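Have a look at the structure below, then the notes.
The values are calculated or read from the model by the stated rules, or taken from the named source; none is laboratory data. Just so it is clear, the model here is predicted, and its values are computed rather than measured. Backbone-built Cβ (ideal geometry, glycine too); neighbour counts: all protein chains shown. Quick note on the areas: whole protein, heavy atoms, side chains included, nothing else; ligands and nucleic acids left out. Shrake-Rupley method; radii C 1.70, N 1.55, O 1.52, S 1.80 Å.
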Amino acid sequence: MNMGLITTTWSALAEPNRLHIVELLRGGPLTVGEIAERLSLQQPQVSKHLRVLSDAGFVEVQPSANRRIYKLRAQPFIEMNTWLESYRRMWEERFDRLDEYLNELQGKGKQ
């Protein structure tokens, strides 16, 4: 994941309403109107947030007659998880070393 993509990704999710939209869409596809109603927002506001999420690759739209149905795309979440995994491994290694050190100190204290 390159830095530009990381910045775009986190910027898209940093806004609370967009994060709420992502959370709503975890339950399945929704129309703009359904999202607006559930979040008590105006439809133009929701459309603006959905555009940002779409530009960042988080959602895709499926036109259906006069409605636009939005659903989450898996790829950006997979990429975020891969990026975060490197940090998880680093911290797990550090915690393991700390645990070993603390066990060593406890062993010395019992002597």
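What residue, among those in segment 47-92 that are of a type in the set (D, E) and within 21 Å of T31 (Cα to Cα), is least open to solvent (accessible area, probe 1.4 Å)? Before you say what the answer is, go through the steps one by one.
The initial filter retains those residues of segment 47-92 that are of a type in the set (D, E), namely 55, 60, 79, 85, 92.
Cutting the leftovers down to within 21 Å of T31 (Cα to Cα) gives us 55, 60.
Working: D55: 124, E60: 66 Å².
Filtering first and then ranking leaves E60.
Considering (1) farther than 18 Å from L13 by Cα; (2) outside any helix (DSSP H, G or I), say which one Q106 fails and leave the rest.
(2)
Just need a number here: residues in segment 69-86 that are at pLDDT below 90 and touching a helix residue (DSSP H, G or I) at 6+ places or on another chain (Cβ under 8 Å).
Taking segment 69-86 as the starting set, the residues that turn out to be at pLDDT below 90 are 74-86.
Narrowing the set further to residues that are touching a helix residue (DSSP H, G or I) at 6+ places or on another chain (Cβ under 8 Å) leaves 76, 79-80, 83.
Counting residues in segment 69-86 that are at pLDDT below 90 and touching a helix residue (DSSP H, G or I) at 6+ places or on another chain (Cβ under 8 Å) gives 4.
Filter segment 26-41 for residues that are touching a residue at least 12 places away in the same chain (Cβ under 8 Å) and open to solvent by less than 50 Å² (accessible area, probe 1.4 Å); which is nearest to M80 (Cα to Cα)?
Narrowing segment 26-41 to residues touching a residue at least 12 places away in the same chain (Cβ under 8 Å): 26, 28-33, 35, 38-39, 41.
Narrowing further to those that are open to solvent by less than 50 Å² (accessible area, probe 1.4 Å): 28, 30-33, 35, 39, 41.
Numbers: G28: 20, L30: 23, T31: 25, V32: 25, G33: 29, I35: 24, L39: 25, L41: 28 Å.
By that ranking, first place goes to G28.
For segment 101-111, how many residues meet the condition of being acidic (D, E) and either loosely packed, with under 10 Cβ neighbours inside 10 Å or under 26 Å from V59 (Cβ atoms) (or both)? Write out each step before concluding.
Step one: list which residues in segment 101-111 are acidic (D, E), which gives 104.
Next, only the ones that are either loosely packed, with under 10 Cβ neighbours inside 10 Å or under 26 Å from V59 (Cβ atoms) (or both) stay: none.
Looking only at that region, the number is 0.
Considering each of E23, E85, E60, E92 in turn, give the residue that is in contact (Cβ under 8 Å) with a residue 12 or more places away in the chain, within 25 Å of T9 (Cβ to Cβ) and charged (D, E, K, R).
Details: E23 fails: in contact (Cβ under 8 Å) with a residue 12 or more places away in the chain; E85 fails: in contact (Cβ under 8 Å) with a residue 12 or more places away in the chain; E92 fails: in contact (Cβ under 8 Å) with a residue 12 or more places away in the chain.
After ruling out the rest, the residue left standing is E60.
Here is a check on your reading of the model: is P44 part of a helix (DSSP H, G or I) and open to solvent by 90 Å² or more (accessible area, probe 1.4 Å)?
On the way: part of a helix (DSSP H, G or I): yes; open to solvent by 90 Å² or more (accessible area, probe 1.4 Å): yes.
Yes.
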